[in-house]
Every structure is written in structure tokens, then in C-alpha cells.
Amino acid sequence: MVPLTLSPGMYPMELLEREQCLADLAQWLGAVTDQGGCVALVGGEAGMGKTALLQEFSKQQRVARVLWGACDALFTPRPLAPLHDIARQTKGALLAAVNAAAKREEIFTAVLDELERSEALVVFEDMHWADEATLDLLKHLGRRIHRTRAMLAVTYRDDEVGARHPLRFVIGDLPRATTHRMTLSALTEPAVAQLARQAGRPASGLHRITGGNPFFVTEALATAVGTVPVSVRDAVLSRTSQLSPASREIAELVCVVPGRTEVWLLEQAVRPDEAGIEGCLGIGMVRYDDASLAFRNELARRALQDSLSQPRLHSLHSKVLAVLTGRPGIPAARLAHHADGARMAEDVLRFAPMAAAQASSLGAHREAALHYQIALRYAEHVAAADRASLHGQLSYEYYLTGQHELAIQAQRAALQMWRASGLRVKEGDSLRWLSRLSWCVGSRAEANRYGIDAVAMLESLPPGPELAMAYCIRADLDMEAHEAASAIDWAQRAIALAEPGANTEILSHALNTLGTVRLIGGDASGWPDLERSLHLALAGGFQEEAVGAYTDLAAMAVSHRQYDQASRYLSAGLTYCEERDLDSWWLYILAYRARLKFESGNWQGASEDAEAVLQDPLATPNTRIPALRTLGHLRIRRGDPDASSPLDEARALAGPSPELQRVGMLAAAYAEAAWLAGDREGVLREVQSAYELVRRRQDPRMKGELAAWLWRVGALEQHPADIAEPYALEILGDWQGAARSWEALGCPYEHANMLAWYGTETQQREALAILEQLGATPAAQLLRMKMRAQGVRGIPRGSRESTRSNSFGLTKRETEILALLSEGLRNSAIARRLFVSTKTVDHHVSAILAKLGVSSRAEAVVIARKQSEDEA
């Protein structure tokens, strides 16, 4: 990786002001033999010398293996670009897996096997350009790096990695125990002066103009004597203007090739001579040990590229493409990049869809969508069916990345073109997809309309898998609406079509829906259906169906308050997702684990799980809604400030026509907030309309919960028969039976409420102790008021704040932020330290102040320090 040839004066003999950075890297690498591997994050602005630092470090350490890969600055990043570079260096199983376009899981396993083989320094350069698959690889390796004897050094431009940049979230998710960070700063004025003296140039004004950026400094010192460029671009163009025609031909070709330009590409495209190459080296280009040529810094490459006219750029890209297409094994993404740069429509339409398919197969779905977008820009005159296919594939990639509105737009375009083509099966399948996508954005009426049209269209044709999937969609929609009979009918129709053809993927989907709708209605025969769905999905490797089965098994166990069983399903589902890096699905299951913890009294754990979901950029609306619902309900019970905001957001995300499940659970949470506020009319207002929707449906839990709220405010006109036991007992007046039932189910808050609302003084004291232990401040305060009104004396005041374990009910994240506040950090600095947004920190600080009962950060810090002293 270390370059063979550098232009004179481009690097000083030693890197200035990087001694501590080199020492830190040496310490981290030295520890991997005994302590296991680690990740070293090296951040800094463009031109700060991140690559130079690691090159110097690799030479100083004389590591047995240095594996070096870089992300591409292509129009659309190439999936796993660093891995392609590294595989060529390792050869063996990793290169075979990459060349064979193996499954992503197999490639990731091969990488880990390679790193476990022996000690190594592995470099991923320019991760700010990383594609989705490479980010997943970093996350995968970061979680397992401790099993190796490798240090994975990751460079990135920290000024380009903002709060919402995907890399920011991956970095924040890396294990802290095995992750180190360093940020390269600008050179000081004395260092710049030293470089100027070495170059025989005056230093006056140089630091002010360059800001101490090492690359800018060296470029400025290499310009003509007596001039100081005012920008990197000026410096680069000043030097390239001195090139001979032969050298400029080489430089211009290299500037349109991100990364390195291979020697065979140079020889076929421009036939360079040594004098021409020497001229390029004289302006700061680099020749590597494989004879490839590159600009030393991406800033220089882009400065020259941006200075060229469009016709010249098209010509250069066309020349590069002509060479690349004649050579086997060139990635489609690279071919598509140059075809687009040359504006060659036929080649773009040939290579961009290929690149999209390759990206999608590796999990780089955002990059796949970009490739399809590029292809569609050139598809105006192709056949309608071909354009429809491109739109449909683009829609699917949008769907996989949670961009549902864009997915709908693309699928509508596909539908029009399928109709124009007269391909009715495709038209019907497009309608089916629009039904699913409309449901994703909360447009229930549109989802129903598209679903009905899809079935009508496909039933007029010979039956096939498209019709079976249309039946599945109808079953899913009716399940969400708690229309049990019709949902079961649609699911059974799908099963009848799938079983004869042994289409186990569709069969697994249909059985999942069938089992879930049966269990919602209290029919225990749904358990075997869901178990069979899971078995088929696992055996067939159908990840989406497997995760769906784990999720629904867990959700139904929570709904039936079978918490031990739910814990097993949640644990298995989370492990399944972790092993395959299915992070978006992992978040969905985590949202249900938050619900389990909430209902069973582990409120701290519930808050941490829900907040982890909400802070993750992969969380889609369907994932955020259950997490928001749980967090809002929890805040209501704890008496946290602004408890309604999560519920309001969940209601907004649910859309104008929310599903009955969402309507009912949100209504119950809002009703409890009104009850704790003493607003009996508010309880009635929140619950009555939802109960009217659910009372004719088969859902013992939801119907029971809403009916119980109406009964508590004297508004239940008729006792429903088919509701869950504890609600039925309370409504029938057997509050003691209801209390025993809640206790047996493992629901301490509900158990305490039965004792508090209906019990004797002894039972009320027991309830107060439970509520205090939970941190249910509003309910405890109401109970104390009731007991005082009854003349009860000696009512416990609750644990003293200074003696409680985690006395203020702070979450783990809030405790961490309070500690950073004590260090004097501002919210923006805390956000950078924790790799979250400043807005997220703002919210946490507000919650901390409210829980501590103070109005300023200074008061919070005083309390935190006093608590630390007490604990010491």
C-alpha cells in the first residue's frame, strides 16, 4: 500500500505534530495480542493527513499483515469497495467469495475468518463515502473484532459526517470497550513555519490562509514563488498548468477515475511514457507498488475534474469505459459510473440495473435505488414493460429502505406501464404492492381499494403465486382491522394455493397471518400455526418471514400476558437478527421487548429499549409507533414531563385511518393519563369511540381494557362477555379476584391499582409500597390523597431521594448525560461525544431536570455531585 514514488517535497521526513497520534495507534495495536482486536476511528477534515498518518504508522510498526481498502467516490458507491481491495491482497477464501458474488452472510464470515487467522492492521479509508453494505460490514466486524488479533483503522471526514449521516449511527453503535477514537487537528503556526523553512519559502500569512490544513500547506508551498493561492483549487490548478501536454493527458484521465488508475488502464487509454508520468508525480500524484497512479488527495482530483469542460469529461469517461468493458471482472457499479459520465444511454441501461441488482444482493439498498434512478433517466425511449420493471424494482428498494412515499410513486408509475403493456399478471401484482405500501403509510382506504383490485384482476387469470400473495395482503389488512372471519378466510385461500406447489415462502406468510388473527381472538389453535410458519421460514432461509414469525409469536405472548414465553421468543428473535445484522427488524422486536418490560414492571429497562428504538435512524414509522406508545404510557405512569408527546407522535404516524390495534392501545394510554389527572370526562372522550369499534370484534384483551375504563367512569352500558379474565372480574365486582389475577399474570401496576381503588387500609398500604417501588408517582400521590381523605394516619411519605437506588428514576442514557453535564460539557459537545443529535440531548436534559425537580443545569450538577458523595 505504501507508494513507491512521491513527488519531491510532498511529505516532510517526519509527520509534524502527529507524535501522540502515532503513540496511541501503537498502544492500541500492541494490545490486540492479549486483549483481542479493536476498531480505531481516525477522523479529520479533508487534507488533514489521515492516510499519511496510517502509512507512516504501518511503516514504523512493521506489522506482518497490512490490509488496505478504500471507499469509492463514484456517483453511486460500489458495494463493499474496501473489501474488494482487501480480497485482492489476501487471496484465498475471501477473494473466492467476493469473486463468486456469494451471499452477504458468506462474505462477512469469510472476512472474519481472515482476520482471525493472524495479527493484522486493516484500514478502511474514506468511510464517509461508504455504501450501505460497507457500513453493515463495519458494524458486523465492530461487534466481533474482539475475537481477532486485528486493529481495524477507519478514516473519515468528520466535517462531512453530520448528525444524520449513516456512518454517525454506525460509529455510535460500535462497542465502546473495543473502539478507540482520534481526531486529527490542523497544524499550528510553528509547524507551518517549519514546513515553509524546509521548502525555502517565507511563512508570512501562510497559516492564516491555509488554516493549518497539511494538504493545503504543501500545495501552497509547491506553487510558484511569490504567490500564495487562496484555495486548494487554485493551488492544484496552478500546478497542473505547468504540465506538458503528455503529462496533462495522463492527469486528466486519472482525475475522472476515483481511487487508483490501474497500469493496464493507463496503457490502453493514453499509452503514457515515463516522462509523462514523472511530470504527474511532480504535481503531487502518487505511483503505488502495483504501478497504479492516483492523486494524493481527493481534493486535488476533484479540483482538476471540476475544471474540465463537459465535452472533455464525456470524452474521458468514454475512453475509460471502452477499456473497462473489454476487461472481465470489472464491477458493474464502476462501469455504470463511467457510462453515466460519458452520457451513453445504451451502456447506462446495460450496467446500472446490473449494479443495482448486485448492490441489493449485498444489502446496499440505497445504492441500488440510486442505480435504478440513473437507469430511468436514460429510459425514456425503451419499451414500456422494461420501464415498468425498472420502476417496480426501484419501488422495492425504496420499500426496503423505509421510503414508502417514494415507493408508492415508483409503483404507480410501474402500474401505468404494465397496463400499457397489457401484462395483466404484472398489473395485478403491482396493485398488490400498492396495497401493502398504502398500508405502510397509514392510508387504509387506498390499501383496501388496491387490494380488492389486485384480487379481482388476478382471479380472472390462471392461479399463481401472485394471486396467493394478493390473498395474503387481504388477510393482513383484515387482521389489522380485527375482521377475524374474513382474515382467516383469505389466509386459508392463500394456503390452498401455496401448499400444492410447495411454495413455502408464501405458505409461511399465510400461516403467520392465520395464527396471529386466531390468537388475537383468543383461539389457542393459532400457536401451532405460528410455530409452523417459523419452522418453514427458518428451514427455507426466508428472513422476512422468520422475523415476522418471531415478532408475532412474541407479540401474541405479550398480549396474552404469557411473559416467560414472550421472553423466549423475543430472545430468539433478537439473536436471529443480530447474527444476520438485520438491524431494522431487530429494532421492531426490541420495541416489543420494551412493551413486555413495561407491563411486567421493569420500567427502567422498558424506557431504555424504547429510547434505543427511537434514536436509531433505521426505525421506520411502523417500528416507531409501538416504541412511542410504550414510552408515552410509561411516562404517564411515572409522571414524567411532556408525557403526551410520544403518544401524539404515534397517533400522527398512524395516519388518518389508523388500524384498530393502534386506535385501541393509544386510547387506553390517553385514558389513563386523563384518569390520573382526575379528568373523568377525558377518560370517556378517549375511550368511547374506540370501544364502539372494538366491541363487535374478537379481541378479549383490547375489548376488556377499554370496557374496564368505561366501567370505572360509570359509562359501560352492557357487560361484554368475551373479555380477558382480570377485566371481567373487576367489572363483575370481584376486585379481589381481579387483583389475584393481575398478580398471577405478573402485572404489578394493575395489581396495585386493584388494591388501591377497592381495598382496605392494609391493602392500600401494600399498593402504595408497590407503586413506590415502580416509580408510579401520580398513582401513589392519588392514593395518598385518598387515604388522607379516609382519615388514615401514618401514611408513608416514600423513600427519601438521597437513599433510593438510582434515586431519580434516570435511565442509563440520562445518567450518562448527567455525568457529562457535571464535566461542564454543553449539549452540542455531549451530542458529539455520544454520537447523537443535539436535539436528542436537549430532550434528555429536559427530562433530567424534571426528574431531579430543578430548573437549571447547575442545580442538576449540584445534586449529581452530592449523590456521588453520599454513595462514596
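The values are calculated or read from the model by the stated rules, or taken from the named source; none is laboratory data. Keep in mind it's a predicted model, so treat the numbers as computed, not measured. Every residue, glycine as well, gets a Cβ built from its backbone with ideal geometry; the counts of neighbours run over all protein chains shown. Just so you know, the surface numbers come from the protein's heavy atoms only, side chains and all, with ligands and any DNA or RNA stripped out. Shrake-Rupley method; radii C 1.70, N 1.55, O 1.52, S 1.80 Å.
For the range 627-654, a tally of residues being open to solvent by less than 10 Å² (accessible area, probe 1.4 Å), small (G, A, S) and part of a helix (DSSP H, G or I) returns 3. No other residue among A872, A829 is under 25 Å from F169 (Cα atoms) and modelled with pLDDT under 80 apart from A829.
With the structure loaded, tell me whether D581 is within 22 Å of E505 (Cβ to Cβ), of a type outside the set (S, T, Y) and in contact with a Lys or Arg (Cβ under 9 Å, 6 or more places away or on another chain) or whether it fails that test. Answer is yes for this residue. Here the condition is being assigned to a helix (DSSP H, G or I), in contact with a helix residue (DSSP H, G or I) (Cβ under 9 Å, 6 or more places away or on another chain) and among the aliphatic types (A, V, I, L, M); of L187, L243, L253, it holds for L253 alone.
Just one of the listed residues (A97, A93, A133, A73) is assigned to a loop (DSSP other than H, G, I, E, B), modelled with pLDDT under 95 and either aliphatic (A, V, I, L, M) or in contact with a strand residue (DSSP E or B) (Cβ under 6 Å, 6 or more places away or on another chain) (or both), namely A73. Can you spot a residue in the range 556-576 that is aromatic (F, W, Y) and closer than 26 Å to R144 by Cβ? Scanning the range 556-576, I find at least one residue that is aromatic (F, W, Y) and closer than 26 Å to R144 by Cβ, so the answer is yes. With respect to (1) within 24 Å of L477 (Cβ to Cβ); (2) open to solvent by less than 50 Å² (accessible area, probe 1.4 Å); (3) in contact with a helix residue (DSSP H, G or I) (Cβ under 8 Å, 6 or more places away or on another chain), the lone exception for P700 is condition (3). Close contacts from the range 760-788, counting a first residue that is within 17 Å of A738 (Cβ to Cβ) and a second that is open to solvent by 10 Å² or more (accessible area, probe 1.4 Å) and in a loop (DSSP other than H, G, I, E, B), with Cβ to Cβ under 7 Å and a gap of 6+ residues or different chains, come to A767/G759.
Close Cβ contacts (under 6 Å, 6 or more residues apart or on different chains) running from residues in the range 659-674 that are of a type in the set (F, W, Y) to residues that are in a helix (DSSP H, G or I) comprise Y670/E686. When the residues of the range 442-456 are filtered to those that are more than 17 Å from R424 (Cα to Cα) and without any contact (Cβ under 8 Å) to a residue 60 or more places away in the chain, the one that is farthest from the chain's Cα centre (by Cα) is R449. The C-beta contact set for the range 229-250 (first residue more than 25 Å from A269 (Cβ to Cβ) and among the β-branched types (V, I, T), second residue open to solvent by 40 Å² or more (accessible area, probe 1.4 Å) and at pLDDT below 90, distance under 6 angstrom, 6+ apart or interchain) comprises V232/L299.
Please pick out the residue among T76, T109 that is open to solvent by 50 Å² or more (accessible area, probe 1.4 Å), under 27 Å from the mean Cα position of the chain (by Cα) and either free of Cβ contacts under 8 Å to residues at least 60 places away in the same chain or closer than 26 Å to L167 by Cα (or both). Working first, answer last.
Numbers: T76 fails: open to solvent by 50 Å² or more (accessible area, probe 1.4 Å).
When all the criteria are applied, what remains is T109.
What number of residues within the range 271-298 satisfy the criterion of being small (G, A, S), more than 44 Å from the chain's Cα centre (by Cα) and crowded, with 19+ Cβ neighbours inside 10 Å? Adding up the residues that qualify gives 2. Only residues that are over 25 Å from the mean Cα position of the chain (by Cα) and either assigned to a helix (DSSP H, G or I) or of a type in the set (D, E, K, R) (or both) were counted in the range 112-130, giving 6. Say whether the condition of being open to solvent by less than 20 Å² (accessible area, probe 1.4 Å), in a loop (DSSP other than H, G, I, E, B) and in contact (Cβ under 8 Å) with a residue 12 or more places away in the chain is met by at least one residue in the range 365-386. Yes. Does S244 qualify as being hydroxyl-bearing (S, T, Y), at pLDDT below 85 and open to solvent by 10 Å² or more (accessible area, probe 1.4 Å)? Spelling it out, it is not the case that S244 is hydroxyl-bearing (S, T, Y), at pLDDT below 85 and open to solvent by 10 Å² or more (accessible area, probe 1.4 Å). Residues satisfying the criterion are present in the range 110-130 (criterion: small (G, A, S) and in contact with a Phe, Trp or Tyr (Cβ under 9 Å, 6 or more places away or on another chain)). All conditions in (1) over 19 Å from the mean Cα position of the chain (by Cα); (2) buried (at least 23 other Cβ atoms within 10 Å of the Cβ); (3) touching a residue at least 40 places away in the same chain (Cβ under 8 Å); (4) in a helix (DSSP H, G or I) hold for H146, with the sole exception of (2).
For the range 727-780, the helices (runs of 4 or more DSSP H) that sit wholly inside it and include 1 or more residues that are modelled with pLDDT under 95 and under 42 Å from the mean Cα position of the chain (by Cα) are 761-774.
Filtered by the rule that a residue be in a helix (DSSP H, G or I), open to solvent by less than 30 Å² (accessible area, probe 1.4 Å) and β-branched (V, I, T), the range 16-58 gives a lone residue, V32. Here A572 clears all of (1) in contact with a Ser or Thr (Cβ under 9 Å, 6 or more places away or on another chain); (2) surrounded by fewer than 22 Cβ atoms within 10 Å (Cβ to Cβ); (3) among the small types (G, A, S) except the condition numbered (1).
Can you spot a residue in the range 191-202 that is farther than 20 Å from I283 by Cβ, open to solvent by 50 Å² or more (accessible area, probe 1.4 Å) and touching a helix residue (DSSP H, G or I) at 6+ places or on another chain (Cβ under 6 Å)?
Within the range 191-202 (the criterion being farther than 20 Å from I283 by Cβ, open to solvent by 50 Å² or more (accessible area, probe 1.4 Å) and touching a helix residue (DSSP H, G or I) at 6+ places or on another chain (Cβ under 6 Å)), the answer is no, since none of the residues qualifies.
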